[in-house]
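To start, the structure under review is shown below, and the notes come after it.
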Amino acid sequence: MLQAEPRTVLNFLSDKFDFMLELIAMNKHDAIIHDEKLKKLCQKENIDWRKLVDYKIIRELQQGDFELRKPIEIFINYISEDYKLDLPENIRKYFNSIEEIYEKLLGEENPESLHRLISGMIDEVQHFIETIESNTRSLLNESKELKANVRKIEYVEKIKKATYFIDFYIVPLNKILDANHTGSVIHKLSLVREQANKERIYNPDFSIRSLYEKLYNQVISANVELVKNSRVLTKELLPLLERIKTESQILAGFMEFLKKPNFYDTPILLKRTRHATYDPDAYFAAKDIWDQLVKQDEVILNTADGQKDIELPWVFDRVKFKKIITQSLPIKNYFLWSNNLMKNEITRQDFDFDKFFAMSALIFDEDYDITFDASERTEVKFSGLTLDVPSLTIDKKVTQKPKQEV
Amino acid sequence: MDYPNQHQQIVKELLDGKFILSQSNPLYEIIKSNIEFYKAFFHTSFGYDILQKKTYFFLTSNESNEKFSRDITIFIGIISYELDNEGKNFQDLIRFSIFEYDQVDVMVRGSVYFNVLESIDFGDTRRFLARLSRINLIEELEGDKFRFTEAIDLFFDFALTVLEQKKEKTAKK
């Protein structure tokens, strides 16, 4: 049998997610998937049941029935937040494993063994936290179901169920999380934290110190998670009997809604509009919009009746003048040259001071070389002003080639 | 054409998304006596519907991107759950008692449902309550206190419809 591509299996799980939920429910209800039921469900969904075996979703048992493979069940339950309750005994086993690894850690000096033990401890703490979290969440869901009582279970039945949860799951879980009790996992974890804290600072081996650092941080965050879960137990679960005494249809509705807040259509309110109908500035706002939309008449300037030509303002065109300069290089006595150029250019206006400076600014460009003789000066005349300026020679900049290394 | 008294104010408040409450707002009676006019007015002018409940009016539109209502329902659901958790009659408390801002802030942040609240545009409790005040769902009182208005019934009624839907779904299975 060829192994299925992981992506193909994931695509199948995604496409047939509702089918998978039904399969999980079937497995949960009967603790096994009966051959007949499986084939009926597959037929309904048009799925070849052999594919489920190939994709390692179910395992065929000796007698012809099937069982869901654990990793698949855990994965689907995890993403759909439908956790299965573990027996308190299954949770308490972490006490033994954590204690055992802890004792070994204290006496171990071989670096390789230490590596293995610390990594093992990190894994165990992680599993423990995941288990506590999923169990607390599962108990919380169960308690909410009891409180909402959508199925209308009789009062006596409800109390019986709550008592069972309290005695069988909630109280034992609370004992496991009780930090004051020396037999609790939390107490054991506090010893692990002390040891990890000491070793992450003093252990002479860098890699061991790093691993202890990781363990230390993990135990710290584990503690935060455990305190959070312990608070849920004390506040929500231990007083379960008191809480289920009263029932409210409204509360049951809210609890159902909070379970899936995006599933139900909430009352439709009005989305507030930005513009009020009675805006005091409505007239001006409308006029602005109107003025932009209305087509303007074309303006025709009539100069044929002997009217004076309309003078448009002169705008200094930097690109144009720079091009003229570049084409005229080399230029001797730049200020005199630009003075003449501008006088020819601006036929209807005098070459004034501002334009002179605009032209002067152009030569301070990296493209040009500027040289001047200090003894030679030029006079540039404007109306009411004469400037005494040096005679500048402008030429194209010679770029030196870098010397080749021998 | 003659418009009802304070027509401009009525239109403004309803378009601002406010609940017009029978107990505290004189506009309620004006709308009530001109309800047919306002139904036609809002429907023709804006495509909105004016909803009349026993003790309040409000406008509703079919815009699907209105999210505030969901946020409010989550918030009220959490408050109800937490008050019940404390062994109190949450309906009476929400309908008739006075709350302090800080008390509500502690209540929602310590709730097992706080993760649901975090997934929406909740932000700061005080700012969220200010938004509720703008639509007259709460009435702000002196000394950092407030009380819910009768418009709260809209959300209590919604909770009942959720329960009905759930029951129907369960019965089908």
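Projecting the Cα atoms of A:TYR264, A:PRO6, A:GLN43 onto the charge dipole of chain A, computed from C-beta unit charges around the Cα centre, puts A:GLN43 farthest toward the positive end.
The mean number of Cβ atoms from other chains found within 10 Å of a Cβ in peptide B:74-80 is 4, as a whole number. The share of accessible area on chain A that comes from carbon and sulfur is 52 percent, using a 1.4 angstrom probe. Taken about its Cα centre, chain B carries a charge dipole of roughly 580 debye when the Cβ of each Lys and Arg holds +1 and the Cβ of each Asp and Glu holds -1.
Among the residues of B:146-159, the average count of other protein chain beta-carbon atoms within 10 Å of the residue beta-carbon is 3. Projecting the Cα positions of B:LEU154, B:PHE128, B:ILE138 onto the charge dipole of chain B (unit charges on Cβ atoms of Lys, Arg, Asp and Glu, taken about the Cα centre) puts B:LEU154 furthest along the positive direction. Amide H to amide H, with H built 1.01 Å from N, A:ILE58 comes under 5 Å of A:VAL53, A:ARG69, counting only residues 5 or more places away or on other chains. Apolar share of the accessible surface for the range B:7-60: 49 percent from carbon plus sulfur atoms, 1.4 Å probe. Taking every residue in B:13-19 and counting other chain Cβ atoms within 10 Å of its Cβ, the average works out to 3.
When peptides A:60-67, B:6-13 are ranked by their average number of other Cβ atoms within 10 Å per residue, the highest-first order is B:6-13, A:60-67. Local charge for A:ARG116 was computed over the other residues whose Cβ lies under 12 Å away, with Lys and Arg +1 and Asp and Glu -1, and equals -2. The HN-Hα couplings worked out from phi for the range A:43-51 by the Karplus form 6.51 cos²θ - 1.76 cosθ + 1.60 (θ = phi - 60°) are 5, 4, 8, 6, 10, 6, 4, 5, 4 Hz, whole numbers, x standing for Gly and Pro.
Nonpolar atom fraction for the range B:68-171, defined as the carbon and sulfur part of the 1.4 Å probe accessible area, stands at 46 percent. Counting only DSSP H runs of at least 4 residues, each contributing -39500 (n - 2.57), and dividing by the residue count of chain A, the helix-based mean residue ellipticity at 222 nm comes to -18000 deg cm²/dmol. A simple spin-label model places pseudo-atoms 7 Å from Cα toward Cβ; at B:GLN91 and A:LYS381 they are separated by 10.4 nm.
The Cβ shell under 12 Å around A:ASP35 holds other residues with a net charge of -2, Lys and Arg each +1, Asp and Glu each -1. Averaging the Cα positions of each part gives two centres, and for the range B:1-33 and the range A:240-255 these lie 38 Å apart. About its Cα centre, the range A:136-238 has a charge dipole of approximately 300 debye under the convention of +1 per Lys or Arg Cβ and -1 per Asp or Glu Cβ, with nothing else charged.
Pairs from the list A:LYS343/A:LYS396; A:LYS152/B:LYS88; A:LYS16/A:LYS228; A:LYS40/A:LYS260 with a Cα-Cα gap above 32 Å: A:LYS16/A:LYS228. Its relative contact order, with pairs defined as Cα atoms under 8 Å and 6+ residues apart, puts the range A:65-180 at 33 percent. Average accessible surface for chain A: 66 Å² per residue, computed with a 1.4 Å probe over protein heavy atoms with every protein chain in place. Between amide H atoms placed 1.01 Å from N, distances below 5 Å from A:PHE382 occur with A:LEU387, all of them 5 or more places distant or on a separate chain.
Among A:VAL156, A:VAL192, A:VAL389, the largest mean-square fluctuation in a Gaussian network model of chain A (Cα springs under 10 Å) belongs to A:VAL389. Surface exposure of the range B:7-60, expressed per residue as accessible area with a 1.4 Å probe, stands at 48 Å².
Within the straight-line cut-off of under 16 Å between alpha carbons, the lysines reachable from A:LYS271 are B:LYS12, B:LYS18, B:LYS67, sequence neighbours fewer than 8 places apart in one chain being disregarded.
A Förster radius of 35 Å combined with the Cβ-Cβ distance from A:ARG137 to A:ASN110 puts the calculated FRET efficiency at roughly 0.30.
Projected label points at A:ASP48 and A:GLU242, each 7 Å from Cα along the beta carbon direction, are separated by 6.0 nanometres. Taking R0 as 25 Å, what FRET efficiency do you get between B:ASP144 and B:LYS53 from their Cβ-Cβ distance, rounded to the nearest 0.05? Step by step, r from the Cβ atoms, then E = 0.30. Each residue of the range A:18-30 is assigned a 3J(HN,Hα), and the resulting list reads 5, 4, 4, 5, 5, 5, 5, 4, 4, 5, 5, 5, 9 Hz, derived from the Karplus form 6.51 cos²θ - 1.76 cosθ + 1.60 (θ = phi - 60°), x at Gly and Pro.
If only the Cβ of Lys and Arg carry +1 and only the Cβ of Asp and Glu carry -1, the dipole of chain A around its Cα centre is close to 940 debye. Using the 1.4 Å probe convention, the accessible area of the range B:68-171 works out to 43 Å² per residue with neighbouring protein chains retained. For a label point 7 angstrom out from the Cα of A:GLN63 toward its Cβ, which stretches of the range A:21-44 have the backbone nitrogen within less than 13 Å? Once the point is set 7 Å along Cα→Cβ of A:GLN63, A:31-36 turn out to lie under 13 Å by backbone N, inside the range A:21-44.
Please work out whether the range B:68-171 counts as rounded, prolate or oblate from its C-alpha gyration tensor, where a ≥ b ≥ c are the square roots of the eigenvalues and a/c under 1.5 means rounded, while otherwise a/b larger than b/c means prolate and anything else oblate? Verdict is prolate for the range B:68-171.
Tell me which of A:ILE331, A:VAL219, A:LEU341 sits at the most positive position along the dipole axis of the protein assembly as shown, charges placed on C-beta atoms (Lys, Arg +1; Asp, Glu -1). Checking the options against the dipole of the protein assembly as shown, the answer is A:VAL219.
For B:ASN34 and A:ASN180, a Förster radius of 56 Å and the Cβ-Cβ distance give a FRET efficiency of 0.25, rounded to the nearest 0.05.
Given axes a ≥ b ≥ c from the Cα gyration tensor, I'd like to know whether the protein assembly as shown is rounded (a/c under 1.5), prolate (a/b larger than b/c) or oblate. Oblate, because a/c is 1.5 or more while a/b does not exceed b/c.
Interface between chains A and B: roughly 4400 Å² of accessible area buried, both sides summed (probe 1.4 Å, protein heavy atoms only).
Could you sort A:362-369, A:210-217 so that the peptide with the highest average Cβ count within 10 Å comes first and the rest follow in order?
A:210-217, A:362-369
Less than 10 Å Cβ to Cβ from B:ARG70, Lys/Arg counted +1 and Asp/Glu -1: what total charge do the surrounding residues give? Local net charge: -3.
The values are calculated or read from the model by the stated rules, or taken from the named source; none is laboratory data. This one's a predicted model, so the numbers in the text were calculated from it and none came from an experiment. Cβ: placed from backbone, ideal geometry, glycine included. Neighbour counts: every protein chain shown. For accessibility, only protein heavy atoms count, side chains too; no ligands or nucleic acids. Shrake-Rupley method; radii C 1.70, N 1.55, O 1.52, S 1.80 Å.
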